[in-house]
Each structure stands twice: as C-alpha cells, then as structure tokens.
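**Student:** Can you read through this structure? Questions will come right after.
The values are calculated or read from the model by the stated rules, or taken from the named source; none is laboratory data. This is a predicted model, so every value here is computed, not measured. Counting neighbours? That spans all protein chains shown, and the Cβs are built from the backbone with ideal geometry, glycine included.
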Amino acid sequence: MAYPFIVIEGIDGSGKSAQAQLVANFVRRLRVRHFLHKFPTENAKKAKEHLGGKTSVSQDELFADFLDDIKDTQENLRGEIEKGWIVSDRYCQSTAAYQGVGGKLEERMAEIENAGLLKPNMVFWLDLDVGKAMERKAGQKSPDKHEKDAKFLEKVRENYERLYADSFMAGEWHRINASQDGKKVFEQIRKKLEF
C-alpha cells in the first residue's frame with residue numbers, strides 16, 4: 001500500500017515550512033508514520049552557494065543541480081511511501097517555477113516530466129502577493145538572491161499559475177490564499193487531507 005505524498009509549494013515567504021510542519025503534526029496525531037522533507041537538500045551545494053551569493057552560476061546549471069538533488073532522493077522516497085506519509089516543503093514544482101523564468105518553463109516542465117520522479121498525490125500552492133512575501137522574508141533573515149528580487153518572484157508566481165492550471169506533476173493541486181492567518185491556511189489544507 002502506498003501512503004499519501006503531500007507537497008507544500010509557493011514563493012519564498014509564503015509559509016511553506018510552517019505548513020509542512022503542521023501537516024506532519026496532523027499525520028502524527030493520526031498515529032501514522034510520516035517522513036518530512038525539504039528541498040533543496042544540503043546536497044544541492046552549487047545552488048545553495050549561488051543563492052547565498054558565494055558564487056554565480058547559469059540558470060541551466062541551477063536547474064540541473066536542483067533536479068539532480070531531487071533525482072538523488074527517489075529511491076529513498078519510493079521506500080518511504082510504502083511505510084508512511086511523505087510531507088515535503090517544495091519538490092519538483094518549485095524547480096519548474098523558479099528555473100522556468102525567462103521563457104524556459106515549457107522546457108523545464110518537459111525535462112521534469114521525463115525524469116521518472118515520484119508524483120505527489122496533492123500539491124498545496126500557498127499563493128501570496130510578492131510584496132507581502134518580501135515583507136515576511138525581510139523580517140526573518142537576510143534575503144537570498146531570489147528573495148530580494150521582486151520582478152523575478154512575480155515571474156515565478158506567474159509560473160506557479162501555469163503549473164496549477166496544468167496540475168503539473170501531481171494528482172491534485174489546491175490553491176490557498178497564503179495572506180491569511182497560518183491557522184486558517186492549515187484548516188483549509190486539513191480539510192483536503194481528510195480523504
């Protein structure tokens with residue numbers, strides 16, 4: 001039996017990490033085993049150094065690093081889904097949304113679809129106005145290259161709109177207004193999880 005695979009997506013500052021933890025807590029209360037993931041992992045070194053401003057790499061190199069990072073987890077994910085729920089803060093959808101900026105979304109989507117990745121049952125897209133997202137991130141930490149670029153994030157948000165319309169790489173997509181209080185956001189997620 002395969003358990004549900006749930007992904008929380010959205011631009012930086014939309015509350016993904018908090019909601020992924022709330023979903024994991026919900027599953028724990030069901031007395032079901034779960035596995036919590038966050039992408040990119042520490043193995044995406046080139047991408048993390050680029051975002052932190054330590055190096056500068058091309059968009060194609062970033063895409064390859066992010067996608068390789070996800071590919072490297074597939075054996076582990078396929079084993080976990082037989083044992084319990086998988087809850088992930090980002091997955092391949094964010095790779096398409098972010099690295100698809102600049103007219104490359106179709107190309108990125110096709111490459112991801114052909115990578116043989118495990119597909120989530122549900123993606124929850126925490127949709128948030130870019131200005132609000134930037135305010136939140138500024139209050140948390142020093143922003144990385146993407147987090148301080150409003151024009152870039154607007155394009156990422158547009159890409160999420162397309163991925164949502166196509167239910168890209170998932171059984172279902174659910175769009176949630178992330179400007180609401182976190183408890184209200186989670187309540188909408190929870191209702192969808194009661195299947």
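**Student:** In a helix (DSSP H, G or I), at pLDDT 95 or above, under 20 Å from Asp69 (Cα atoms) and of a type outside the set (Ser, Thr, Tyr) - does that describe any residue in the stretch 169-190?
**Tutor:** No, every residue in the stretch 169-190 fails to be in a helix (DSSP H, G or I), at pLDDT 95 or above, under 20 Å from Asp69 (Cα atoms) and of a type outside the set (Ser, Thr, Tyr).
**Student:** Kindly provide the set of residues from the stretch 46-75 that are exposed (fewer than 13 other Cβ atoms within 10 Å of the Cβ) and within 25 Å of Met122 (Cβ to Cβ), ordered by number.
**Tutor:** Of everything in the stretch 46-75, those that are exposed (fewer than 13 other Cβ atoms within 10 Å of the Cβ) and within 25 Å of Met122 (Cβ to Cβ) turn out to be Asp72, Glu75.
**Student:** Would you mention how many residues in the stretch 1-45 are free of Cβ contacts under 8 Å to residues at least 40 places away in the same chain and surrounded by fewer than 19 Cβ atoms within 10 Å (Cβ to Cβ)? Let's see the steps before the verdict.
**Tutor:** Going residue by residue through the stretch 1-45, those that are free of Cβ contacts under 8 Å to residues at least 40 places away in the same chain are 21, 25, 28-31, 41-45.
Those left that are additionally surrounded by fewer than 19 Cβ atoms within 10 Å (Cβ to Cβ): 21, 25, 28-31, 41-43, 45.
Total meeting the criteria: 10.
**Student:** Name the residues in the stretch 183-195 that are closer than 20 Å to Arg157 by Cβ and under 17 Å from the mean Cα position of the chain (by Cα), would you?
**Tutor:** Here is the first cut: in the stretch 183-195, the residues closer than 20 Å to Arg157 by Cβ are 185, 188-189.
Val185, Ile189, listed by residue number.
**Student:** Report, by residue number, each residue of the stretch 169-187 that is loosely packed, with under 15 Cβ neighbours inside 10 Å and within 17 Å of Pro4 (Cα to Cα).
**Tutor:** Selection gives Gly171, Glu172.
**Student:** Something else: Please note which helices (runs of 4 or more DSSP H) are completely contained in the stretch 1-91 and include at least 1 residues that are in contact with a Pro (Cβ under 7 Å, 6 or more places away or on another chain). Write out each step before concluding.
**Tutor:** Working: elements: 16-29, 45-51, 59-71, 74-80.
Passing ranges, in order: 45-51, 59-71.
**Student:** Related question: Assuming Thr73 fulfils every condition listed in (1) among the β-branched types (Val, Ile, Thr); (2) touching a helix residue (DSSP H, G or I) at 6+ places or on another chain (Cβ under 7 Å); (3) at pLDDT 95 or above; (4) more than 26 Å from Lys132 (Cα to Cα) apart from one, which condition is it?
**Tutor:** (2)
**Student:** Restricting to the stretch 25-61, what's the tally of residues that are at positive phi and either at pLDDT below 90 or among the aromatic types (Phe, Trp, Tyr) (or both)? It would help to see each step written out before you state the result.
**Tutor:** Filtering the stretch 25-61 for residues at positive phi gives 31, 53.
Now drop any that are not either at pLDDT below 90 or among the aromatic types (Phe, Trp, Tyr) (or both), which leaves 53.
Matching residues across the stretch 25-61 total 1.
**Student:** If you don't mind, there's one more thing I want to ask. Checking the condition of a type outside the set (Ser, Thr, Tyr), touching an Asp or Glu at 6+ places or on another chain (Cβ under 9 Å) and either touching a residue at least 24 places away in the same chain (Cβ under 8 Å) or under 24 Å from Gly15 (Cβ atoms) (or both), which residue from Gly84, Gly53 passes? Spell out the reasoning first.
**Tutor:** Working: Gly84 fails: touching an Asp or Glu at 6+ places or on another chain (Cβ under 9 Å).
Result of the check over Gly84, Gly53: Gly53.
**Student:** Something else: Let me spell it out: the conditions are (1) buried (at least 17 other Cβ atoms within 10 Å of the Cβ); (2) of a type outside the set (Phe, Trp, Tyr); (3) at pLDDT below 95; (4) part of a helix (DSSP H, G or I), and Glu147 meets all of them except one. Which number is the exception?
**Tutor:** It fails just one condition, (4).
**Student:** Working carefully through the options Asn121, Asn43, find the one that is touching an Asp or Glu at 6+ places or on another chain (Cβ under 9 Å) and closer than 13 Å to Phe5 by Cβ. Break it down into steps so the answer makes sense when it comes.
**Tutor:** On the way: Asn43 fails: closer than 13 Å to Phe5 by Cβ.
Criteria check complete, one pass: Asn121.
**Student:** All but one of (1) in contact with an Asp or Glu (Cβ under 8 Å, 6 or more places away or on another chain); (2) more than 17 Å from Tyr160 (Cβ to Cβ); (3) in a helix (DSSP H, G or I) hold for Ala97, so report the exception by its number.
**Tutor:** (2)
**Student:** Looking only at residues in the stretch 74-107 that are polar (S, T, N, Q) and touching a strand residue (DSSP E or B) at 6+ places or on another chain (Cβ under 7 Å), which one is nearest to Leu193 (Cα to Cα)?
**Tutor:** Just the residues of the stretch 74-107 that are polar (S, T, N, Q), to begin with: 74, 76, 88, 93-95, 99.
Filter again for touching a strand residue (DSSP E or B) at 6+ places or on another chain (Cβ under 7 Å), leaving 88, 93-94.
Values: Ser88: 14, Gln93: 20, Ser94: 21 Å.
Only one residue tops the list, namely Ser88.
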